[in-house]
Amino acid sequence: MRVLGLPPAFYHIARHPPVDLSPKAQERLRWLRCWQALRRQGLSSTQASEVLGLPRSSLYRWQRRLKRDGPQGLEARSRQPHRRRQPTWSPELAQAVLRLREDHPRWGKDKLVVLLRREGWQVSTSMVGRILARLKARGALREPLAHRISARKRPWRRPYALRKPKDYQPRLPGDLVQVDTLDVRPLPGVVFKHFTARDVTSRWDVVEVYSRATVPTACRFLEALLERMPFPVKALQVDGGSEFATAFEQACQDRGIRLFVLPPRSPKLNGCVERAHKTHTEEFYEVYDGELELTMVNKALREWEQVYNHFRPHQALDGRTPAEYIQHCHPDLAPSLSHM
């Protein structure tokens, strides 16, 4: 009877199955092979490591691990120190911290350390923090479930307004006009709702004041800014105020004006008009000494608006007024400018 056997290579492969290495270990193996190939070409270990841009110590460490453990020795290992810091507090102190934290689940280490010292424990704030972290890691301390009670209103769906696209960049006057309101309180009990519209390109401002910030007053201000801006307005940007919804939104849609609304709690995205509020407050309201009657304030505001757009130099416009900027950079819009 003749017994046939398999080739010896088959048994070698069976005893040494292929190793499934992670991408990191495969990369280290490639670096080692490159380093060894450079050294066989006559380069020193330092020169070869400099060519590869790797520390020589790392390459020698990988080489030792490859000889000792095979390809699996190139896998990433734990960086945990051999000697770890051991707790220095007693079990009684840990129980005291756990008891106080369970009694007061929203109090942190700064308050708990005061209570512990009242009970006679000599403990630092950092130690209380470490005890809390250890208790949470062991599962001995569990945070209570939070019952949200904030009165957040559900945002209404806007039929026309949307977020400003990231690729929408204003380049010409009228491409983007930011609109916002400001509460002005010149005297106790006297409140004006100041509306400002600022073109982000030319810094042209339209300002007006009302007794209330409502949808009808916002629509009236929309008519005023369209009439008093010397260029066609293509897009407005407003915050989420209720005065800029419903009829205001419909008015923008009817006129073909794009309406962008800001995300919640992000006034920095309307930075130009926010800065305009500061300017009008400091240079008009804080020096205004006329009658605090709505008609008189609006009349003075119209005069200030003319000064602002035609006479006051702007640092953002290289010392020019908004009117001079339009005449110099956009002369096709200049004929519609007027000082009256």
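The values are calculated or read from the model by the stated rules, or taken from the named source; none is laboratory data. Here the structure is a predicted model, which is why all the values come from computation and not from measurement. Note that we place each Cβ from the backbone using ideal geometry, even for glycine, and neighbour counts take in every protein chain shown.
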When you scan region 124-134, do you find a residue that is more than 35 Å from the chain's Cα centre (by Cα) and not in a helix (DSSP H, G or I), even just one? yes
Considering region 272-306, residues that are without any contact (Cβ under 8 Å) to a residue 12 or more places away in the chain and not in a helix (DSSP H, G or I), and then whichever is nearest to the chain's Cα centre (by Cα), we arrive at E286
Is it the case that some residue within region 155-168 is assigned by TED's automatic domain parsing to the domain that holds A300, closer than 18 Å to E274 by Cβ and either touching a Leu at 6+ places or on another chain (Cβ under 9 Å) or among the basic types (K, R) (or both)? no
Tally, over region 71-114, of residues that are aliphatic (A, V, I, L, M), over 38 Å from the mean Cα position of the chain (by Cα) and farther than 30 Å from R30 by Cβ: 3
Please pick out the residue among W35, W62, W31, W89 that is aromatic (F, W, Y) and either within 30 Å of L135 (Cα to Cα) or in contact with a Phe, Trp or Tyr (Cβ under 7 Å, 6 or more places away or on another chain) (or both). W89
Residues (surrounded by fewer than 20 Cβ atoms within 10 Å (Cβ to Cβ), within 24 Å of the chain's Cα centre (by Cα) and part of a helix (DSSP H, G or I)) located in region 239-271: P267, K268, L269, G271
Kindly indicate whether any position in region 188-210 is assigned by TED's automatic domain parsing to the domain that holds E303, surrounded by 21 or more Cβ atoms within 10 Å (Cβ to Cβ), out of contact with any His (no Cβ under 6 Å at 6 or more places or on another chain) and part of a helix (DSSP H, G or I). no
Going residue by residue through region 120-139, is there one that turns out to be of a type in the set (V, I, T), touching an Asp or Glu at 6+ places or on another chain (Cβ under 8 Å) and closer than 30 Å to L222 by Cβ? no
Name, by its number, the condition in (1) under 17 Å from G139 (Cα atoms); (2) loosely packed, with under 15 Cβ neighbours inside 10 Å; (3) of a type in the set (A, V, I, L, M, F, W, C) that does not hold for L98. (2)
Taking interchain pairs and intrachain pairs at least six residues apart, which have beta carbon atoms under 8 angstrom, with the first residue in region 97-110 and under 18 Å from S124 (Cβ atoms) and the second surrounded by 15 or more Cβ atoms within 10 Å (Cβ to Cβ) and among the small types (G, A, S)? K109/G129
Over region 307-321, the set of residues touching a residue at least 12 places away in the same chain (Cβ under 8 Å) and in a helix (DSSP H, G or I) is Y308, N309, H310, A316, L317
